[in-house]
Amino acid sequence: MTVALAVPDVLVARAKAGDQAALEALFRAFETPVYNLARRIMRTPEDAEDVLQETFLEVVRSIRQYRGEGHLWGWIRRIAATKALMRIRRDQLRAAEPLDDEPAGRPGTHIGANIDLERAFEHLSDTSRSVVWLHDVEGYTHEEIADLMGKSVSFSKSQLARAHARLRRMLQGSEGAEA
Amino acid sequence: MMHCTMDDLLALRAGEASVWARKHIETCAACRAELDALYQRVAQLKALPALRPPRDRWPVVRDAVRGERARRRRTWGVWSLAAAAALAGVLLLQPNQAALHAELAEVKQQSATLEEQLQRYDVDGRVLSGRAAALVADLEDRIAVIDGALTSPAQDAQRVKLWQQRVGLMQQLVTVRATRARYVGL
């Protein structure tokens, strides 16, 4: 998903001044890309909704710190990615799973013979999904992902490679079953 | 025959592949097909439809922020008055600095009064014109800088000067808000 949304400077200035209508306009402009990013990374729609809410609470609290350097979407997206990764890390700590654990897929689902890319992607681990989405779709560099995750660049690279190898296996298995 | 690993394919895509991988991909049809498949997977991921939130979360965000603002204003008002009262007490103990402290207490009291006035105009973050909003943002930024300086240790004379600057900016802020309130008939 590509976001090419231009936000007028005057709207940002009004939001910085605490104008409720301007803050709501920012929310409306970015709620879908933020939710989409969160939903692609998080396991459940409820988790993604929570990330959306936490992200905009942070945006409203911190909008005055945004100095107009770079696209506003880049600034909001980084907040959203940070919130999503923090939630994943917290859930993994609660479940006592290592961060680079191989996946189990989403609860209540299983891989059948016929699987498309979207479902195969959902069956990656939380960490793998995050790395693939941030790198391949959102365009983050490995350095940026490593920074967001508190991990090394090589960790990000190896996660990406493992994720693509797994996607390839899942999709090839599907093709084989269909043939 | 040795083939490219997924690491090799990703490095080829990023333009960071080894000499061996770059030479190999030119002659190996199987690895070229794997590289094409990698490009296709990424293109398909980028083309997935946007998922939209099932519920409107704005009311929750708005209410939470309003609550935080109200608490912050109350805390600031109480803090200003307490600081003014504490200074009044100090006056009694250090008569040689009485004039300076009196000035400090007075300017803090002015600041607290202006905060109360501002709160009346800014209860719900009412709609501002773009120009007014930019002015308010600038004034609030400058006040924030002064607030930051006031948290650092400083001589009384310097503190009086900072508080006077703060009061001046607060007066401008109140004027902007009051003008806007009159304009919309509040």
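The numbers here are math on the coordinates, done by the rules we state, and not lab data. Predicted model only: the values in this text are computed from it and were never measured. In this analysis, Cβ positions are derived from the backbone assuming ideal geometry, glycine residues included, and neighbour counts consider all displayed protein chains.
Points 7 angstrom from Cα along the Cβ direction at A:VAL10 and B:ASP63: gap in nanometres?
3.3 nm
Neighbouring Cβ atoms within 10 Å as the yardstick, rank B:ASP7, B:ASP36 fewest first.
Final ranking by Cβ density, sparse to dense: B:ASP36, B:ASP7.
What whole-number distance in Å separates the alpha-carbon centres of the range B:137-160 and the range A:1-75?
About 30 Å separates the Cα centre of the range B:137-160 from the one of the range A:1-75.
Ranking B:MET2, A:MET86 by Cβ neighbours within 10 Å, fewest first, what do you get?
Ascending number of Cβ neighbours within 10 Å: B:MET2, A:MET86.
Rank by packing, highest mean first: peptides A:37-50, B:107-120, with packing defined as the count of other Cβ atoms within 10 Å averaged across residues.
Descending mean neighbour count gives A:37-50, B:107-120.
Counting only other chains, and only Cβ atoms inside 10 Å, what mean value do you get across the residues of B:54-67?
Mean partner shielding for this stretch: 5.
How large is the convex hull of the Cα atoms of the range B:6-46 per residue, expressed in Å³ as a whole number?
Measuring per residue, one finds 59 Å³ for the Cα hull of the range B:6-46.
Could you pull out every residue, at least 5 positions away or on a different chain, whose amide H is within less than 5 Å of the one on A:HIS123? Hs are placed 1.01 Å off N in the peptide plane, and Pro or chain starts have none.
none
Among residues other than B:THR27 whose Cβ falls under 15 Å from its Cβ, what is the net charge (Lys/Arg +1, Asp/Glu -1)?
Counting the neighbours of B:THR27, the net charge comes to 0.
For the range A:117-179 and the range B:32-66, what is the separation of their C-alpha centers, rounded to whole Å?
A separation of 15 Å, based on Cα centres.
Give me the net charge of B:LEU104's neighbourhood, meaning all other residues with Cβ under 14 Å from the Cβ of B:LEU104; Lys, Arg count +1, Asp, Glu -1.
Value of the local net charge: +1.
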